[in-house]
Amino acid sequence: MPLKGQASAADKMDVNQAKQEHLLALKVMRLTKPTLFTNMPVTCEDQDLPGDSFIRLMKDDPSTVKGAETLILGEMLTLPQNFGNIFLGETFSSYISVHNDSIQVVKDILVKADLQTSSQRLNLSASNSAVSELNPECCIDDVIHHEVKEIGTHILVCAVSYTTQSGEKLYFRKFFKFQVLKPLDVKTKFYNAESDLSSVTDEVFLEAQIQNITTSPMFMEKVSLEPSMMYNVTELNNVTSADDSESTFGKMSYLQPLDTRQYLYCLKPKPEFAEKAGVIKGVTVIGKLDIVWKTNLGERGRLQTSQLQRMAPGYGDVRLSLELIPDTVNLEEPFDITCKITNCSERIMDLLLEMCNTRSIHWCGVSGRQLGKLSPSASLSIPLKLLSSVQGLQSISGLRLTDVFLKRTYEYDDIAQVCVVCPYTSPES
């Protein structure tokens, strides 16, 4: 469909050129795929006055689907009737034609197409060489393509320069303005998780919420996460069975207008970085999302987010994690856990361990014992024994670490949870 030219802008720039009657005519049209023809079926009851006239007319209509004439969508395609919307990540295609409307031969024709955005000016011309001559009623055609990477106002500037038979050099240009809209709304959430066996190999879970804010459905071809150099990523959007792996969204991955879908990813530090205590702690750059979709008759769009960043977990100077803990324990029976203490500061610590009983958790052993000096980035594993006097899901709390040098105490509550059961209760009761 033709683009609307802003001819008045060119007139204001050069009054003399505006008054010049040019020998060449410039036409610019946007290239888009057609759409399925739609019609509104009209039906009535058999006992009504028209009888079966409407049905017979629809059967004779070449645009309807044979055997399903009452469907709104037909078998024919319709050329676009308007400019349509252009969305970020799609490819803008345009057809440019320069026609010689005069009765004389025009020489040295140069057609140039630039795209002006809010931040840059791009040359989209397929060739920058001039055509030696153009006979009457002949034309120069060109097709330009550009993957749209910015939101907002875009101006296609088409300039034509040529030489007449008398040797006069003429020049004119036209401006075509259009808006680029946002197709998707992407929101991300990060969740920091401690690993089971180490104090530095933290896993990070990323939840990406993607909403279709266009007016047509999208086929989500790919939604993947490209991690930063320190992480490996695992997609959690598939259900794996013995024979196959199927998407949690089903085989037909369509996203309807204004619908939102959540994607989940697990990022785990690479072994060479996980072994360095404190390195992962300060990492905030996680990676970027790569989203590919198709609309209508297969028009492809692609978006890639900027580098996603999370808030670094606040471990403090001393970090305590669990290496070993049972899932289920018996009521009033001692059980063992293993704690791992890591010095995340840049100084040597002299630590003192204290164990404080709670309403349900009772520690076994000596409280207030010295753990000795702990160098920066060093770790220490400590086996501990405790018991619970209350059934149910109980939270392990009450550990205190004191740095003797600075007289600073670090409190650790809700370290983990354990299920406490009574071994003497029968299943029937």
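Quick notes
- Of all the listed residues (Asn85, Asn100, Asn123), the sole one being buried (at least 16 other Cβ atoms within 10 Å of the Cβ) and either over 30 Å from Val148 (Cα atoms) or under 37 Å from the mean Cα position of the chain (by Cα) (or both) is Asn100.
- Test: residue in the stretch 277-287 that is buried (at least 17 other Cβ atoms within 10 Å of the Cβ), within 18 Å of the chain's Cα centre (by Cα) and modelled with pLDDT of 90 or more: yes
- Of the residues making up the stretch 376-403, those that are modelled with pLDDT under 90 and assigned to a loop (DSSP other than H, G, I, E, B) are Pro376, Ser377, Ala378.
- Per-region count, the stretch 159-182, residues over 16 Å from Arg121 (Cα atoms) and over 37 Å from the mean Cα position of the chain (by Cα): 13
- Among residues that are in contact with a strand residue (DSSP E or B) (Cβ under 7 Å, 6 or more places away or on another chain), modelled with pLDDT under 80, surrounded by 14 or more Cβ atoms within 10 Å (Cβ to Cβ) and of a type in the set (S, T, N, Q), Ser63 is included.
- Test: residue in the stretch 145-154 that is within 30 Å of Asp290 (Cβ to Cβ), in a loop (DSSP other than H, G, I, E, B) and open to solvent by less than 80 Å² (accessible area, probe 1.4 Å): yes
- Leu351 being under 27 Å from Glu203 (Cβ atoms) and part of a strand (DSSP E or B): yes
- Of all residues in the stretch 201-232, those being of a type in the set (Ser, Thr, Tyr) and under 11 Å from the mean Cα position of the chain (by Cα) number 1.
- Residue among Ser377, Ser397, Ser389, Ser345 that is exposed (fewer than 15 other Cβ atoms within 10 Å of the Cβ) and polar (S, T, N, Q): Ser389
- Just so you know, in the stretch 13-31 the residues that are modelled with pLDDT of 85 or more and not aliphatic (A, V, I, L, M) include one that is nearest to Ile144 (Cα to Cα), and it is Arg30.
- In the stretch 182-205, the residue that is nearest to Cys344 (Cα to Cα) out of those that are modelled with pLDDT of 70 or more and open to solvent by 70 Å² or more (accessible area, probe 1.4 Å) is Asn192.
- Search result, residues across the stretch 67-82 that are open to solvent by less than 40 Å² (accessible area, probe 1.4 Å), in contact (Cβ under 8 Å) with a residue 12 or more places away in the chain and within 19 Å of Asp52 (Cα to Cα): Glu69
- Hits in the stretch 251-273 - residues which are out of contact with any Phe, Trp or Tyr (no Cβ under 9 Å at 6 or more places or on another chain) and farther than 30 Å from Met229 by Cβ: Lys251, Gln256, Pro257, Leu258, Asp259, Thr260
- Odd one out for Leu134, checked against (1) touching a residue at least 24 places away in the same chain (Cβ under 8 Å); (2) open to solvent by 80 Å² or more (accessible area, probe 1.4 Å): (2)
The values are calculated or read from the model by the stated rules, or taken from the named source; none is laboratory data. Everything numeric in this text was worked out from a predicted model, so none of it was measured. Cβ: placed from backbone, ideal geometry, glycine included. Neighbour counts: every protein chain shown. Side chains are part of the model used for accessible areas, which takes the heavy atoms of the whole protein and leaves out ligands, DNA and RNA. Shrake-Rupley method; radii C 1.70, N 1.55, O 1.52, S 1.80 Å.
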